[in-house]
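So the structure is just underneath, and the comments pick up after that.
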Amino acid sequence: MFLSRRQFLKVSAGTVAAVALADKALALTALQPVIEVGNPLGEYPDRSWERVYHDQYRYDSSFTWCCSPNDTHACRIRAFVRNGVVMRVEQNYDHQTYEDLYGNRGTFAHNPRMCLKGYTMHRRVYGPYRLKGPLMRRGWKQWMDDGSPEFTPTIQTKYKFNARYLDDMLRVSWDTAFTYLAKAMIIIANRYSGESGARRLREQGYPPEMLEMMKGSGVRAFKFRAGMPVLGIIGKMGITRMNGGCGALLDTYVRKVGPEHAQGGRYWNNYTWHGDQDPSQPWWNGTQNCDVDLSDMRFSKFNTSWGKNFVENKMPEAHWKLECIERGGRIAVITPEYNPTAYRADYWIPIRPESDGSFFLGASKILLDEGMYDADFCRANTDMPLLVRTDTLQYLDPRDVIKDYQFPDFTKSYSGKVQTLSPAEIARLGGCMVWDLNKNQAVPIHRELVGWHFKKSGIDPALTGTHRVRLLNGREVDVMPIFQMYQVHLQDYDLDTVHQICRSPKDLIVRWGRDMGTVKPAAIHNGEGVCHYFHMTQNGRAAALTLILTGNIGKFGSGCHTWSGNYKAGTWASTPWAGAGLGVHTGEDPFHITTDPNAHGKEIKVKSYYYGEEVGYWNHGDTALIVNTPKYGRRVFTGKTHMPTPSKFRWVANVNVLNNSKHHYDMVKNVDPHNECLVHQEVEMTSDVNHFDVSFAV
Ligand code: SF4
């Protein structure tokens, strides 16, 4: 466009005039106040934004529930619901209201109870890994559809039994999953029952001892495992009921046998295979385990966490340790790593992994050398005065010393009535003797002469020295009390040697030993991690020794404990007045089911058709411990009562059993390809679900 000079000046002048007018008008508008504020201090700050946060906590309803993943704490907590969705969960602070049938109540002290995992539980429930229905492996379904042909390398490859991870998972209906599984159970039970089943297993290379354990029943090749089942007697232990119940019924159907010959499957254990059980406990206190309610920590004045990050791993119980501190207790932590429990402790003792036994034996030597042991307790409550023959290292048995010696009659006392020991068992356990300083000779004592019973006996047993005893056969042997033997044994555990073994600082070894000898009551709580050490029996016994020597057993705030929550099994103990306890749920006789909903627990007939099995055998190439030794030939180290059976069908609930097992590659590549059906009940997608043939969402 062409503009003349005159036209350009006209346009420019008009534009400038318009901008000038607009500027004036806008300036006046901007000067107007937007809002009238009378008293700014009354109006500001504006807090309406807080409503967003208040609104987040609004809920329509709430309910309490028992959080029970695999961590054993089973906290009862409260969930808050909005628009039908759980928005958050919180501690409920109501333990003081809990009451049992006998009127025993919890206390306020048990509050609070929960952990950060519990706070996020609902996110897992709604999360992307949540299983929402049954899944079936494509290859396994095809195998079933093709008539479940017997396994050969070709068949295993064709249906991906040797590459389950690489297969697709199909979404199927519950009816389809149940129908396929029921058929598979009948097929597999048939396949491995009777003489033809034994022949198949023999050809597959299983040893005769394992075949004998089948008792002719294919159902015996079924393995069931409820993970940490004591945490959920109905939800998790339910498959144990199926194992003994449906298993036995299936066996009568397949083999046409009566109930008297029916067999259930094998019940895979939890406690020992997980390694949670402290193997030393049966050695030094005679029970499977020594778990306390952790509220007992409030009574401790010296509390040691050994191999245990108590704060992070016993989350809802950690406040008991804090209360121990508040009440003036001293806290020590013995762990290789400086962990959150360690930095709350009075002192942390670093230790070389697996060398713990030397530490405690070194501390025991300090206790003996510096006279910090409780001699009266050792005499009356422990085996320290018992005499051991130095020639055989066996207890001095009164039957070898006293003519026609008879054990006392225990039929009406604790050993007979409560522990139900027969006279034959008492004789088999053998007797023992102590050196009575009053008589200056060996005298017999018995299993019930403990504590004040022992003090009343008038016996003054020697703890030290070597004594000579004449046996009935005329021989003279030297004997010494166990306490004396420890004095000899502990000579090997001087401070320098112990430091060399465990690398703990010398001053801290001495400090811990002296604290153990002088501060009472003292307790040691060890983690389940150290229970996995192959020589934990020795480590745990050495730790307990320090408590035994100092009389820190059997009193509030004392003792040597682990805590994996299995004491809850005691809640289901059977009694004459209540019935068969746990067995009512897990082992009701399937041939005599009680259908009356009002029946008393005592009326439930219990007969367990399943039989226990250690999972470790499956995890050991699915074989018993049978070794061809170069010198002695074939040796069977697995006892008859523990003998496993071949694994052909597996059903687990609430446990990632493959993840728990050792030698993952071996299990996936060599062991499980011989398993014809794997079934899982799980909340989320796990490596087990990905490896299994059928999975149920729970
Ligand atoms: S400790 Fe945590 S995860 Fe375990 S039961 Fe309690 S809230 Fe649930």
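The values are calculated or read from the model by the stated rules, or taken from the named source; none is laboratory data. Small disclaimer: the values here were computed from a predicted structure and weren't measured. Reconstructed Cβ throughout: ideal geometry from the backbone, glycine too, with neighbour counts over all protein chains shown. What goes into the accessible areas is simple: the full protein's heavy atoms, side chains included, and nothing from ligands, DNA or RNA. Shrake-Rupley method; radii C 1.70, N 1.55, O 1.52, S 1.80 Å.
Taking label points 7 Å from Cα along the Cα-to-Cβ direction, Glu476 and Lys605 give a separation of 6.7 nm. Ordered by solvent-accessible area of protein heavy atoms (1.4 Å probe), largest first, the residues Val219, Val292 come out as Val292, Val219.
Which number comes out as Rg/Rh for the chain once both Rg and the Kirkwood Rh are worked out on C-alpha atoms?
Values: Rg = 35.0 Å, Rh = 30.9 Å.
Dividing the radius of gyration by the Kirkwood radius yields 1.13.
Suppose R0 equals 56 Å; then what is the FRET efficiency for Lys132 and Val627 from their Cβ-Cβ distance, rounded to the nearest 0.05? My answer for the efficiency is 0.75.
Binning the C-alpha pair distances of region 375-487 at 5 Å intervals from 0 yields a P(r) profile of 2, 12, 22, 23, 20, 13, 6, 1 %, listed from the shortest bin outward. Beta bridges assigned by DSSP with both partners in the chain are antiparallel in approximately 55 percent of cases.
Derived scalar couplings between HN and Hα for region 328-341 equal x, x, 9, 10, 10, 10, 10, 8, x, 9, 7, 10, x, 6 Hz in order, rounded to whole Hz, by the Karplus curve 6.51 cos²θ - 1.76 cosθ + 1.60 (θ = phi - 60°), x for Gly and Pro. A probe of 1.4 angstrom, applied to the heavy atoms of all protein chains, finds Val615 with accessible area near 0 square angstrom. Between Arg124 and Asp55, residue separation times 0.36 nm minus the direct Cα-Cα distance comes to 22.5 nm. For region 69-107 versus region 282-303, the inter-centroid distance based on Cα atoms is 26 Å.
The long axis of helix 194-203 is offset from the longest Cα principal axis of the chain by roughly 80 degrees. Roughly speaking, to the nearest percent, how much of the chain's 1.4 Å accessible area is carbon and sulfur? Accessible surface attributable to carbon and sulfur in the chain totals 56 percent. Taking 7 Å steps out from each Cα toward its Cβ at Thr595 and Tyr44 produces label points 8.0 nm apart.
Centre-to-centre, using Cα atoms only, region 327-367 and region 419-477 are separated by 37 Å.
Loop-located chymotrypsin sites (Phe, Trp or Tyr not before Pro) across region 609-674 with a Cβ neighbour count of 13 or fewer within 10 Å are Tyr632, Phe637, with loop assigned by DSSP. When the convex hull of its Cα atoms is viewed from all sides, region 547-657 shows a mean projected area of 13.8 nm². Spin-label model, Thr272/Trp174: points 7 Å from Cα along the beta carbon direction are separated by 3.7 nm.
Of the whole protein surface, Ser574 contributes about 80 Å² of accessible area at a 1.4 Å probe radius. Using only Cα coordinates, the Kirkwood hydrodynamic radius of region 469-515 works out to 13.4 Å.
Per residue, the chain exposes an accessible area of 52 Å² to a 1.4 Å probe, with every protein chain left in place. Taking R0 as 45 Å, what FRET efficiency do you get between Asp409 and Thr518 from their Cβ-Cβ distance, rounded to the nearest 0.05? Efficiency computed from Cβ-Cβ geometry: 0.55.
State which stretch of the chain is the longest one without any exposed GluC sites (Glu not before Pro), exposure meaning a DSSP loop state and at most 10 other Cβ atoms within 10 Å. Can you show the working numbers first?
Details: sites that count: Glu36, Glu150.
Of all site-free stretches, the longest is 151-698.
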